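Asks: Attaching a single structure in structure tokens format; questions to follow.
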Amino acid sequence: WGRLSLGQLTEGVPYSVLSSSIFGTYFVTFLIVLVSCLIAQALIVGKFKLRVILSMALVISNLLCGVIIASIPRETKSTVKVAAIQANINSRDKWNASSKDIYLKYESLTRNAAKDGAELIVWPETAITDNRYISVVSELADALDVYILFGCFDYGSQGPQNIICLTTPEGDVSETSYAKRHLVPFGEYVPMRKFIMTVFPPLAEIAMLSEDLIPGEGSELYEIEINGEIITVGGLICFDSIYEQLAYATASDGADLICVAPNDSWFEDSRAVYMHCAQSRLRAIETG
């Protein structure tokens with residue numbers, strides 16, 4: 001969660017992190033630690049000039065690498081206008097609130113986004129708490145002629161899963177659904193549940209649900225058609241996005257675009273909200 005490279009993400013182009021697209025984010029972490037050690041040694045041990053020159057050479061070389069990477073032209077597909085919808089619903093109220101009231105908030109924001117030209121509209125993790133509203137979301141997508149990617153629960157034969165589904169502009173729900181692969185411990189499942197419930201029951205009661213969710217196993221990609229061109233969309237749900245191996249797998253399976261559907265209302269206005277967003281920027285750099 002606390003990657004050192006997060007501190008290198010500037011407002012503009014983060015040249016010092018772009019080397020992650022070749023070597024990964026841990027390379028940037030290694031450089032930060034190495035340069036810090038060289039400067040510390042210069043101050044404590046001696047040979048000040050040599051160590052400072054070496055540390056500056058590392059910093060400048062990494063920045064030049066970033067500038068070169070940023071200047072390389074990329075072949076891109078059609079531009080997709082995406083809207084991220086967040087109804088600002090408190091997590092403490094979400095499971096007690098009326099499903100209709102929640103849906104109406106998302107519907108209003110979605111209609112506004114469609115008016116502004118959005119082609120793909122992304123709702124948060126578990127935006128739908130009552131699966132009877134899935135058909136209503138389909139009707140909304142059909143009425144607005146947009147794709148809507150939304151989060152809900154799937155109570156299938158494997159057990160409950162935290163998933164995202166895609167509705168098409170024709171109002172069809174795709175057969176493909178992406179299930180969250182990296183579940184939150186003591187939030188979506190209890191590690192060694194039987195043991196913990198026996199030895200320390202209050203710890204098991206922290207979990208959001210009375211039964212453990214089942215993690216997904218694959219990337220599960222979607223295809224959308226924009227201006228006659230097919231664009232492949234992958235998904236990550238909330239906690240998934242801080243694990244680069246999941247983003248790598250989604251990209252290597254053929255995703256042109258990765259949508260992250262989080263629910264960070266638990267964090268309220270803490271720095272965790274901004275750190276989580278920064279993690280998605282790192283995933284975008286790593287995967288291209």
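Asks: With respect to the numbered conditions (1) out of contact with any Phe, Trp or Tyr (no Cβ under 7 Å at 6 or more places or on another chain); (2) assigned to a helix (DSSP H, G or I); (3) closer than 22 Å to GLY7 by Cβ, which one is the sole condition not fulfilled by ASP269?
Replies: ASP269 satisfies every listed condition except (2).
Table: residues versus (1) in a helix (DSSP H, G or I); (2) among the aromatic types (Phe, Trp, Tyr); (3) within 23 Å of the chain's Cα centre (by Cα).
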residue: SER16; (1), (2), (3): yes, no, yes
residue: PHE27; (1), (2), (3): yes, yes, yes
residue: VAL35; (1), (2), (3): yes, no, no
residue: LEU64; (1), (2), (3): yes, no, no
residue: ALA70; (1), (2), (3): yes, no, yes
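Asks: Could you check SER55 against (1) assigned to a helix (DSSP H, G or I); (2) surrounded by 13 or more Cβ atoms within 10 Å (Cβ to Cβ); (3) small (Gly, Ala, Ser); (4) under 26 Å from the mean Cα position of the chain (by Cα) and say which number it fails?
Replies: (4)
Asks: Name the residue, out of LYS47, LYS81, that is touching a strand residue (DSSP E or B) at 6+ places or on another chain (Cβ under 9 Å) and either within 30 Å of SER135 (Cα to Cα) or open to solvent by 50 Å² or more (accessible area, probe 1.4 Å) (or both). Explain how you work it out, then say what you get.
Replies: Working: LYS47 fails: touching a strand residue (DSSP E or B) at 6+ places or on another chain (Cβ under 9 Å).
Every option except LYS81 fails the conditions.
Per-residue answers, yes or no, for (1) hydroxyl-bearing (Ser, Thr, Tyr); (2) modelled with pLDDT under 95; (3) within 21 Å of PRO169 (Cα to Cα):
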{"site": "ASN62", "(1), (2), (3)": "no, no, no"}
{"site": "SER71", "(1), (2), (3)": "yes, yes, no"}
{"site": "ILE85", "(1), (2), (3)": "no, yes, yes"}
{"site": "ASN90", "(1), (2), (3)": "no, yes, no"}
{"site": "TRP95", "(1), (2), (3)": "no, yes, no"}
{"site": "ASP101", "(1), (2), (3)": "no, yes, no"}
{"site": "LYS105", "(1), (2), (3)": "no, yes, yes"}
{"site": "ASN112", "(1), (2), (3)": "no, no, yes"}
{"site": "LYS115", "(1), (2), (3)": "no, no, yes"}
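Asks: For residues that are over 10 Å from the mean Cα position of the chain (by Cα), open to solvent by less than 50 Å² (accessible area, probe 1.4 Å) and in contact (Cβ under 8 Å) with a residue 60 or more places away in the chain, tally how many sit in region 264-281.
Replies: Taking region 264-281 first, the residues over 10 Å from the mean Cα position of the chain (by Cα) are 264-275.
Still in the running and open to solvent by less than 50 Å² (accessible area, probe 1.4 Å): 264-265, 270, 272-273.
So of that shortlist, the ones also in contact (Cβ under 8 Å) with a residue 60 or more places away in the chain come out as 265.
Counting residues in region 264-281 that are over 10 Å from the mean Cα position of the chain (by Cα), open to solvent by less than 50 Å² (accessible area, probe 1.4 Å) and in contact (Cβ under 8 Å) with a residue 60 or more places away in the chain gives 1.
Asks: Restricting the search to region 248-288, which residues are under 25 Å from THR168 (Cβ atoms) and in contact with an Asp or Glu (Cβ under 7 Å, 6 or more places away or on another chain)?
Replies: Residues satisfying the conditions are ALA261, PRO262, ASN263.
Asks: Taking TYR248, is it touching a Ser or Thr at 6+ places or on another chain (Cβ under 7 Å), open to solvent by less than 20 Å² (accessible area, probe 1.4 Å) and more than 20 Å from TYR155 (Cα to Cα)?
Replies: Working: touching a Ser or Thr at 6+ places or on another chain (Cβ under 7 Å): yes; open to solvent by less than 20 Å² (accessible area, probe 1.4 Å): no; more than 20 Å from TYR155 (Cα to Cα): yes.
No; evaluated as a whole, the condition is false for this residue.
Asks: Related question: On the basis of being out of contact with any Asp or Glu (no Cβ under 7 Å at 6 or more places or on another chain), open to solvent by 70 Å² or more (accessible area, probe 1.4 Å) and not in a strand (DSSP E or B), does GLU225 make the cut? Let's see the steps before the verdict.
Replies: Details: out of contact with any Asp or Glu (no Cβ under 7 Å at 6 or more places or on another chain): yes; open to solvent by 70 Å² or more (accessible area, probe 1.4 Å): yes; not in a strand (DSSP E or B): no.
When the stated conditions are applied, GLU225 does not pass them.
Asks: I've got another one for you. Answer yes if at least one residue in region 207-219 is surrounded by fewer than 19 Cβ atoms within 10 Å (Cβ to Cβ) and outside any loop (DSSP other than H, G, I, E, B), and no otherwise.
Replies: no
Asks: Please report, ordered by residue number, the helices (runs of 4 or more DSSP H) entirely within region 89-201 with at least 2 residues that are open to solvent by less than 20 Å² (accessible area, probe 1.4 Å) and touching a residue at least 12 places away in the same chain (Cβ under 8 Å).
Replies: Working: elements: 91-94, 99-115, 134-144, 193-199.
Filter on region 89-201 gives 91-94, 99-115, 134-144.
Asks: Can you tell me which residue within region 78-93, out of those that are more than 21 Å from ASN227 (Cα to Cα) and among the β-branched types (Val, Ile, Thr), is farthest from the chain's Cα centre (by Cα)?
Replies: Residues of region 78-93 that are more than 21 Å from ASN227 (Cα to Cα), as a first pass: 85-93.
With among the β-branched types (Val, Ile, Thr) added as a condition, the list becomes 85, 89.
Values: ILE85: 14, ILE89: 19 Å.
Step by step, filter region 78-93, then rank; the result is ILE89.
Asks: Pairs under 6 Å by beta carbon, first residue more than 19 Å from ASP172 (Cβ to Cβ) in region 223-247, partner among the hydroxyl-bearing types (Ser, Thr, Tyr) and open to solvent by less than 30 Å² (accessible area, probe 1.4 Å), six or more apart or different chains?
Replies: Correct list of pairs: GLY234/SER219; GLY234/THR250.
Asks: Looking at region 72-88, which of its residues are closer than 11 Å to LEU120 by Cα, in a loop (DSSP other than H, G, I, E, B) and among the aliphatic types (A, V, I, L, M)?
Replies: VAL80, ILE85
Asks: Do you know which residues across region 252-263 are open to solvent by 30 Å² or more (accessible area, probe 1.4 Å) and of a type in the set (A, V, I, L, M, F, W, C)? Break it down stepwise before answering.
Replies: At the first step, the residues of region 252-263 found to be open to solvent by 30 Å² or more (accessible area, probe 1.4 Å) are 252-254, 256-258, 260, 262.
Of everything in region 252-263, those that are open to solvent by 30 Å² or more (accessible area, probe 1.4 Å) and of a type in the set (A, V, I, L, M, F, W, C) turn out to be LEU257, ILE258, VAL260.
The values are calculated or read from the model by the stated rules, or taken from the named source; none is laboratory data. Since we're looking at a predicted model, the values are computed, not measured. So basically every Cβ, Gly included, is an ideal-geometry build from the backbone, and we count neighbours across all protein chains shown. Remember, those area values only see protein heavy atoms, side chains included, never the ligands or the DNA or RNA. Shrake-Rupley method; radii C 1.70, N 1.55, O 1.52, S 1.80 Å.
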